[in-house]
1. Considering every residue in A:30-40, what mean count of other chain Cβ atoms within 10 Å of its Cβ is obtained?
2. Please compute the average number of Cβ atoms from other chains found within 10 Å of each residue's Cβ in peptide B:75-85.
3. Could you work out the pair-distance distribution P(r) of region B:217-299 from its alpha-carbon pairs, with 10 angstrom bin width and percents rounded to whole numbers?
4. Treating the angle as unsigned and between 0 and 90°, give the value, to the nearest 10°, between the Cα long axis of helix A:254-274 and the longest Cα principal axis of chain A.
5. Over the protein assembly as shown, what lengths in whole Å, largest first, do the semi-axes of the equivalent ellipsoid take, defined as the square roots of 5 times the eigenvalues of the alpha-carbon gyration tensor?
6. Within the P(r) computed for region B:156-226, what percentage of the Cα pairs occupies the region above 13 Å?
7. Which of the pairs A:LYS234/B:LYS69; B:LYS234/B:LYS286; A:LYS22/B:LYS234 have their Cα atoms more than 29 Å apart in this structure?
8. Restricting things to alpha carbons, tell me how big region A:106-241 is in terms of Rg and Dmax, in Å.
Amino acid sequence: MKLIDWLLKDAPLATRREITPKLGFLLTVLLAIVWLIPFLWMGVATLRPASDGINAMAELVPSLKPTLDNIRDAWEIGDFPRYTLNTTFICTGILLVQFVTITLAGFAFARLDFAGKTLIFYLFLMQLMLVPVLLIVPNLTLVAQLGLYDTLTGVMMPFFASAFGTFLMRQAFEAIPTELEDAARIDGASLFQRIRHIYVPLSMPSFSAFAIISVTSHWNDFLWPLMVINSPDKRPLTVGLSVFTATAEGTQAWGTIAAGTLMVIAPLLITFLIFQKRFISSFVTSGIK
Amino acid sequence: MSLAEPAALPVAASVAPRLHVLKRFSSRFKASLPAYLLLLPSLIFLALFTYGAMGRVFIDALYQRATPKAPVRFVGLDNVNAVLADPAFAGAVINNLLYAVGTAIPSIALALLFALALARTHAVNSALRAALFLPVLIPMVAASALFLFIFLPNVGLLDHYIGRLLPVLPNWLGDPDIALYAIMVITIWKNAGYYMLFFLAGLQAVPEDVMEAAHLDGAGPYQRFRHIILPELKPTFLFVIVIATLNAVTQVDHVFVMTKGGPSNATNLVLFYIYQQAVEHYDIGKASAATLLTLAALMGLTALSFRTMANREGGP
């Protein structure tokens, strides 16, 4: 009862006696527990020794003889270090190029007046509408024509321009007072110097919000890299995990699958738990990604 | 002589008005040049992978190869007709409609419940929000790997705990009548926490004093929800419905990992069909025709989201 009082301490006094909101809260707590069960199973199964037998595999109570064998097996069979390297390379590459393209374009929309501004604005907006993943077939043809089939560059290229990032930067740049820029202009700073030394440093929160969205979405990309990459040593984590799962499923090695899955999502989960607030506010702005 | 090169037009000094227009045009262009240069890197990639891709879909849909090695030849609308006549495509469309409705409604309803229950910010609610948000972060492929075991017949998590309550254990992913619903469960689990964020943001707009006044006037929780909260959340609903529908078309990774569209095409979705045509059957013509049809079908929806987004962005 005390706990419920504490949970409702900010609620309007008059509504504290109502029962419906409490039932809703209780249901949400139950569902939150259900939501966590797959993660709980993943952790428990990773540490469960194979000697516990297949019938104990689904137990959510941890094994009394925890083992790291599954992690070792997954590490050896799956080539996860290589996949992690590839995914990191893809995400970093995309992000670095995006930073350049969205800064320049965002600045043009925020601070410059030019002929055809409305038209070009809508050209950018079109990228948000066209859902890039639907264009995998024509983009695969293009990547092949450019000689980038089965290369990590080919995986990255379609994402180098980002309308979402451009709009985010436009918004951030517009909030910066023009007086700062005028002062620098009088001191003889060039356009690029003004962008580099005034606009970019003052827009770091927007850059980090964009980085979170960009990295998580490309960390999780699957269908596109699956189509572009052919050689096993160029697979990103998601493609590697799907191949690994298909192999281990055949031998019913569920502990190894759990360990492999854990390795793929651990970097994201740890980063999320550290920067929780930032992740949540970034994802709120990402609806239009 | 090309109209695209105004500078090449024979502009004599005698045609003064035209020269004037031209001059103004070129000075306007000159003033705009820095902006164009800044936009150029983005526009190049957009031209290649967005507008160019659109163009290539249109063209590729009109051509076909007799054999994988044969040269392409123009076939007009044959590809489109072939796709429309393909029972696998019709099945994928029906599955996708079912999947869209069956994932959007439950995940939006759950998201609204979560947001209403966790609207106030304190440590307990933050932890619960984080728990509900975790599935959003992980790759669909990783979620599929976990759910493969959850749905595993007999020894899997679901059968182990609740399956024994049922007289006959269903084969969740192996039964054509059930598999699509099993796939939906994963999507709902993965997306509800995402949509919750938008409702949480939307709820901030509901004025607390109006809620309190309504309560003093004798309005119960349901009436306050129906007449104050719901109208206030209308834009959020529209926005989330658009995103949920787009997700229903674009999220197919779990189909690939868990069922490969089977059993007997019961979980085949449109994007997976496109993937199959392009990668497994090397049929770029048919894959492009199917892409074209999907894009056309999404036009109404994207027009709606386009308006929503333009409003959010506040125009140029």
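1. Numbers: counts 0, 9, 11, 2, 2, 12, 4, 5, 13, 5, 1.
Counting Cβ atoms of other protein chains within 10 Å of each residue's Cβ and averaging gives 6.
2. Numbers: counts 0, 0, 0, 0, 0, 0, 0, 0, 0, 0, 0.
So the per-residue partner count for this stretch is 0.
3. Once binned at 10 Å, the Cα pair distances of region B:217-299 give 15, 31, 22, 14, 12, 5, 1.
4. Result, in degrees: 40.
5. Calculated on Cα positions only, the semi-axes equal 43, 34, 24 Å.
6. 77 percent
7. The pairs that break the limit, which is 29 Å between Cα atoms, are B:LYS234/B:LYS286.
8. Expressed in Å, the Cα Rg and Dmax of region A:106-241 come to 18.6, 56.
Values quoted throughout were computed directly from the atomic coordinates according to the rules given, and no laboratory measurement underlies them. For clarity, every value in this text was computed on a predicted model and none was experimentally measured. Quick reminder, even Gly has a Cβ in these numbers, built from the backbone with ideal geometry, and neighbours come from all protein chains shown.
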